[in-house]
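Just below is one structure, and these are the notes that go with it.
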Amino acid sequence: MSQYRTFSARDAVAYAQQFGGLDNPSELVDAQEVGDGNLNLVFKIFDTQGVSRIIVKQALPYVRCVGESWPLTLDRARLEAQTLVEHYQHSPQHTVKIHHFDPQLAVMVMEDLSDHKIWRGELINNVFYPHAAAQLGEYLAQVLFHTSDFYLHPHDKKAQVAQFINPEMCEITEDLFFNDPYQIHERNNYPAELEADVAALRDDTQLKLAVAALKHRFFSHAEALLHGDIHSGSIFVAEGRLKAIDAEFGYFGPIGFDIGTAIGNLLLNYCGLPGHLGIRDAASAREQRLSDIQTLWTTFAERFQVLASEKTRDAALAQPGYASAFLKKVWCDAIGFCGTELIRRSVGLSHVADIDTIKDEAMRHACLRHAITLGKALILIAGRIENVDELIARVRQYS
């Protein structure tokens, strides 16, 4: 911490010149801070032609959207860099490349993805990327299988679990997903018009028991090295390409958490689409989101099973039929975690543009209610939704 200093644009340029790996680093001459998240500074580094060439990202020692009253560990930058490096080994085509990392300054230098766009914005604008859902399913299958007990030797797995202990960032997830929305808390953020809907969450004993079970699994099931925050704002897309970024919540946890978070964000977009496109025009876009969810899960499950049949190293886990049984558990977990994502993005501290940018207030409130209602239902009936077709039927039922 003694060497830490907050970077200016000039610092970012100098750092990129030193560690960006360019043949002619003097071409890098300018920087623009473009971070729009809650936790970090992000600088685009431009060359003499005004072309963005490198990204420099620095972790701040506090939550950016709150300030120094909410301090954070800088070690999360190490965890993010190492998570992305590990994921890149197993899915280089779908993981941002890290060129350099400095743990003292909490700075990393990574590939520039200016020719990509954030998937969330494209979903809101109803721009369709036909390969994105399958690519996300492939990414999740590769990184989660290769960091699981199916593939890693038990000694290596235990060593990696220790390496990726991430208590402070996990505590944020634990609070925002599983605690805050179900109690009166100053971090919660929702319109007064939704007070009755939110109070109903606090008063629902069966719901809170189901959420407690999900939180317990998040605590205790170190199944694979998760991205930990794989929402549509942490994914860059371009024609035929997809890259995951922003893995500071990476840790060993239940595989269903990453799957559920990804599905949950597609459903948040589903809930918000009528507010952006109008009810009639949103219908086809909503069907596309449901198709995306089906493709994501099907690709993940099929690819995971192929990897398990070909690469499982543990004799017991290689027993025919076990990988399929395990994926049924992952699916059940994913539906529950998906529900908590819908609720926490509607009631808690961190919302999504899919709903928050809806201009018509009444429509925005209606979309929030839809997300809360759907999230609550999925948490409560997760164990009764046996496959992705049944999930889609349930989503339609609550629309």
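Of all the numbered requirements in (1) closer than 20 Å to Leu84 by Cβ; (2) in a helix (DSSP H, G or I), Ile165 misses one, and that requirement is (2). From the residues in the range 113-124 that are out of contact with any strand residue (DSSP E or B) (no Cβ under 9 Å at 6 or more places or on another chain) and either of a type in the set (A, V, I, L, M) or at pLDDT below 95 (or both), which one is nearest to Glu302 (Cα to Cα)? Applying the filter and picking the extreme gives Leu123.
Scanning the range 238-256 for residues that are open to solvent by 30 Å² or more (accessible area, probe 1.4 Å) and out of contact with any strand residue (DSSP E or B) (no Cβ under 9 Å at 6 or more places or on another chain) turns up Glu239, Gly240, Arg241. Of the residues that make up the range 325-338, is at least one in contact (Cβ under 8 Å) with a residue 24 or more places away in the chain, outside any helix (DSSP H, G or I) and farther than 13 Å from Leu214 by Cα? No, the range 325-338 contains no residue that is in contact (Cβ under 8 Å) with a residue 24 or more places away in the chain, outside any helix (DSSP H, G or I) and farther than 13 Å from Leu214 by Cα. Quick one: would you say Gly233 is assigned to a loop (DSSP other than H, G, I, E, B), under 21 Å from the mean Cα position of the chain (by Cα) and surrounded by 17 or more Cβ atoms within 10 Å (Cβ to Cβ)? Here the answer is no, as Gly233 does not meet what is asked. Listed here are the strands (runs of 3 or more DSSP E) enclosed by the range 3-103 that have at least 3 residues being without any contact (Cβ under 8 Å) to a residue 12 or more places away in the chain: 67-71.
Checked against (1) open to solvent by 20 Å² or more (accessible area, probe 1.4 Å); (2) touching a strand residue (DSSP E or B) at 6+ places or on another chain (Cβ under 7 Å); (3) at pLDDT 95 or above, Met108 passes all but a single condition, namely (1).
When the range 125-162 is filtered for residues that are part of a loop (DSSP other than H, G, I, E, B) and either out of contact with any strand residue (DSSP E or B) (no Cβ under 8 Å at 6 or more places or on another chain) or open to solvent by 50 Å² or more (accessible area, probe 1.4 Å) (or both), the ones remaining, listed by number, are Asn125, Asn126, Val127, Phe128, Pro130, His131, Asp149, Phe150, Tyr151, Leu152, His153.
The values are calculated or read from the model by the stated rules, or taken from the named source; none is laboratory data. Bear in mind that the values here come from a model prediction, so they are computed numbers and not experimental data. Quick reminder, even Gly has a Cβ in these numbers, built from the backbone with ideal geometry, and neighbours come from all protein chains shown. Heavy atoms of the whole protein, side chains included, go into the accessibility calculation; ligands, DNA and RNA do not. Shrake-Rupley method; radii C 1.70, N 1.55, O 1.52, S 1.80 Å.
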